[in-house]
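Visitor: First the structure, then my questions, so here it is.
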2 protein chains.
Amino acid sequence: MIGVFDSGVGGLTVLRAIRQRLPHEPTIYLGDTARVPYGTKSPEVVIRYSRNNASLLLRQGVQMLVVACNTASAHALEVLRAELPVPVFGVVEPGVEAAVRARPGGRIGVIGTAGTIASGAYQRAIEARTGTPPTVARACPLFVPLAEEGWTEGPIAEAIAERYLGDLRGKLDVLILGCTHYPLLRSVIQEVVGPNTLLVDSGASVAEVLAAEATEAKGATDRPPTHRLLVTDVPARFEEVVTRFLGERPERVEQVDLEPSLW
Amino acid sequence: MIGVFDSGVGGLTVLRAIRQRLPHEPTIYLGDTARVPYGTKSPEVVIRYSRNNASLLLRQGVQMLVVACNTASAHALEVLRAELPVPVFGVVEPGVEAAVRARPGGRIGVIGTAGTIASGAYQRAIEARTGTPPTVARACPLFVPLAEEGWTEGPIAEAIAERYLGDLRGKLDVLILGCTHYPLLRSVIQEVVGPNTLLVDSGASVAEVLAAEATEAKGATDRPPTHRLLVTDVPARFEEVVTRFLGERPERVEQVDLEPSLW
């Protein structure tokens, strides 16, 4: 069973890619919707929340853990790998790998949350893989609320993308979308950076890495595997967006509590 | 001692108004920066977090509690009033009171987070006070991230304000800013709704109510009272914005943990 956690709903696109690539593998997804977003918070807090999430999923018996959230991957991956008894996969390295393979020797840019970019995780991974730092690494804080508001096209989305990225038009061979929400803004981002820049979705890339590492569950039959969806805030609003992000309507969404009451 | 809590930094404007109005009263402020924002979360989660915050402040010995966050006021005020042994003040009623007094019989509008507007708290308070529901009650989810990004003027802020509020130009006598972040966008909001609409800041209004209720600390001397600032995420970034919101540089900001580790 593969466990996937994210700060909220964005990681469902990662889950979707994993399910498509490993159709016989049972999965369990945890969205920390009561504490979302992680991208504006400190490394200390993101590491604490990531430990809570990982701990819950391990108690459910996962044999493999995917950190779908870029900010959690950037801050907490090393800690989780050092402390957990199962393989842990983040989205940073797969995203960088996909970018380098697609445009070898090309000029690479990366965009993400304030936390992801400040961590330097993408910058280090790109330099480790290519020998040079990225051409640009930039935080775009309004992209997440813009995608959540559903204003993914039109003049406001275009103006915000232009303000963050307008100076990069024609200057990159590949731009890594280092946040699971950003693919929702793919068309306005592409418009601003120009048609010769390839956009790489880190979240989608992790499914390929996982498929190479994972041995499918023994005794896989034609019976579909079980999939569970857990959230930390009440599931009502979550269910509405699951269908859009996941591409299918979930049977049910369960609520879990990561914070014992102090009251 | 007056305790004030907020989901993050916005409530510092409320604290500032209280300190100006009650200069001899010691205060303690708690910003739940590790779990901010509240405006996108469910009533259940906001009530749980509000209880955590209130409980911590009561253990510090506050004799009066101010819920500076509009979303927490909207969802949790009744619960806190029923359960706590000290007077509890929210920002909804003072905001409505100030709006009605400023424009008696006028057309009232209110804007706030998705949670605040969905709660109906402002709508009920306006109807209770005037006998009629507000002319309009509307969520403006992008205003908080916009203010936090610091884009409080210019074409992007204007376009977003126009999209949310453009149809209200000239149609209101008073508009309640039902979120502590919104006063930072005051000038673009005023531009869009037109010069004849008075903007009322709910946060500033609560200081007046408090001053009327509070008996200043006995034995007040010329010695300045103690003020403490607590946060749940690491205080580094918080200190940067405290000065802007509070109008003075704080001596120090302390970190507290509301969530015992489950790890």
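The values are calculated or read from the model by the stated rules, or taken from the named source; none is laboratory data. All values derive from a computational prediction rather than experimental measurement. Note that we place each Cβ from the backbone using ideal geometry, even for glycine, and neighbour counts take in every protein chain shown.
Visitor: Filter the range B:123-141 for residues that are outside any loop (DSSP other than H, G, I, E, B) and away from chain A (no Cβ under 14 Å) and give the result. Quick ask: steps written out before the conclusion?
Guide: Taking the range B:123-141 and keeping what is outside any loop (DSSP other than H, G, I, E, B), we get B:123-130, B:136-139.
Residues satisfying the conditions are B:Gln123, B:Arg124, B:Ala125, B:Ile126, B:Glu127, B:Ala128, B:Arg129, B:Thr130, B:Val136, B:Ala137.
Visitor: For A:Arg19, state whether it is without any contact (Cβ under 8 Å) to a residue 40 or more places away in the chain and of a type in the set (D, E, K, R). Step through it out loud before you land on a result.
Guide: Values: without any contact (Cβ under 8 Å) to a residue 40 or more places away in the chain: no; of a type in the set (D, E, K, R): yes.
Considered against the rule, which asks whether it is without any contact (Cβ under 8 Å) to a residue 40 or more places away in the chain and of a type in the set (D, E, K, R), A:Arg19 comes out as no.
Visitor: Please determine whether any residue of the range A:133-153 is in contact with a strand residue (DSSP E or B) (Cβ under 9 Å, 6 or more places away or on another chain) and at positive phi.
Guide: The answer is no; no qualifying residue exists.
Visitor: Confirm whether B:Leu30 is within 10 Å of chain A (Cβ to nearest Cβ), at pLDDT 95 or above and surrounded by 20 or more Cβ atoms within 10 Å (Cβ to Cβ). Spell out the reasoning first.
Guide: Details: within 10 Å of chain A (Cβ to nearest Cβ): no; at pLDDT 95 or above: yes; surrounded by 20 or more Cβ atoms within 10 Å (Cβ to Cβ): yes.
Taking the combined requirement at face value, the residue does not satisfy it.
Visitor: Something else: How many of the residues in the range A:34-56 are more than 9 Å from chain B (Cβ to nearest Cβ) and either surrounded by fewer than 24 Cβ atoms within 10 Å (Cβ to Cβ) or β-branched (Val, Ile, Thr) (or both)?
Guide: Going through the range A:34-56 one residue at a time, the tally reaches 2.
Visitor: So, one more: What do you reckon, is A:Val144 within 14 Å of another protein chain (Cβ to nearest Cβ) and either part of a loop (DSSP other than H, G, I, E, B) or of a type outside the set (S, T, N, Q) (or both)?
Guide: Numbers: within 14 Å of another protein chain (Cβ to nearest Cβ): yes; either part of a loop (DSSP other than H, G, I, E, B) or of a type outside the set (S, T, N, Q) (or both): yes.
Taking the combined requirement at face value, the residue satisfies it.
Visitor: What number of residues in the range A:6-27 are surrounded by 20 or more Cβ atoms within 10 Å (Cβ to Cβ), polar (S, T, N, Q) and not in a loop (DSSP other than H, G, I, E, B)?
Guide: Total satisfying the criteria: 2.
Visitor: Only one of these is exposed (fewer than 15 other Cβ atoms within 10 Å of the Cβ) and either at pLDDT 95 or above or under 18 Å from A:Leu30 (Cα atoms) (or both): A:Thr243, A:Thr215, A:Thr197, A:Thr221. Name it.
Guide: Values: A:Thr215 fails: either at pLDDT 95 or above or under 18 Å from A:Leu30 (Cα atoms) (or both); A:Thr197 fails: exposed (fewer than 15 other Cβ atoms within 10 Å of the Cβ); A:Thr221 fails: either at pLDDT 95 or above or under 18 Å from A:Leu30 (Cα atoms) (or both).
Just one listed residue meets the conditions, A:Thr243.
Visitor: Would you pick out the residues in the range A:58-79 that are assigned to a helix (DSSP H, G or I) and surrounded by fewer than 24 Cβ atoms within 10 Å (Cβ to Cβ)?
Guide: Within the range A:58-79, A:Leu58, A:Arg59, A:Leu77, A:Glu78, A:Val79 qualify.
Visitor: Of all residues being surrounded by 24 or more Cβ atoms within 10 Å (Cβ to Cβ) and aliphatic (A, V, I, L, M) in the range B:90-102, which is farthest from the chain's Cα centre (by Cα)? Just the residue, please.
Guide: Ranking the qualifying residues of the range B:90-102, first place goes to B:Ala99.
Visitor: Taking the stated definitions as given, is A:Ala204 under 16 Å from the mean Cα position of the chain (by Cα), modelled with pLDDT under 95 and either buried (at least 20 other Cβ atoms within 10 Å of the Cβ) or not β-branched (Val, Ile, Thr) (or both)?
Guide: Judged against the criteria, A:Ala204 is a match.
Visitor: Of all residues in the range B:147-196, which are outside any helix (DSSP H, G or I), free of Cβ contacts under 8 Å to residues at least 12 places away in the same chain and closer than 22 Å to B:Gly39 by Cα?
Guide: We begin by selecting, within the range B:147-196, every residue outside any helix (DSSP H, G or I); these are B:150-154, B:169-181, B:194-196.
Okay, now just the ones that are also free of Cβ contacts under 8 Å to residues at least 12 places away in the same chain, so B:150-151, B:154, B:195.
Selection gives B:Gly150, B:Trp151.
Visitor: Next up: Any idea which of (1) within 14 Å of another protein chain (Cβ to nearest Cβ); (2) of a type outside the set (Val, Ile, Thr); (3) under 26 Å from A:Phe89 (Cα atoms) is the one A:Ala159 doesn't satisfy?
Guide: It is condition (3) that A:Ala159 fails.
Visitor: Let me ask something else. Pairs only if they're at least six apart or on different chains, beta carbon under 8 angstrom, first in the range A:78-95 and at negative phi, second charged (D, E, K, R) and part of a helix (DSSP H, G or I); list them, first residue then second.
Guide: What qualifies is A:Val79/A:Arg51; A:Leu80/A:Arg51; A:Glu83/A:Arg51; A:Pro87/A:Glu213; A:Val88/A:Arg81; A:Phe89/A:Glu213; A:Pro94/A:Glu208.
Visitor: Here is a further query. Any residue in the range A:103-122 that is under 14 Å from A:Thr135 (Cβ atoms) and surrounded by 24 or more Cβ atoms within 10 Å (Cβ to Cβ) sitting within a Cβ distance under 6 Å of a residue that is charged (D, E, K, R) and at pLDDT 95 or above? List the pairs, counting only those 6 or more apart or interchain.
Guide: A:Ile111/A:Arg138
Visitor: If you scan the range B:82-122, which residues turn out to be of a type in the set (Val, Ile, Thr) and assigned to a strand (DSSP E or B)?
Guide: Listed by number, the residues that qualify are B:Val88, B:Ile108, B:Val110, B:Ile111.
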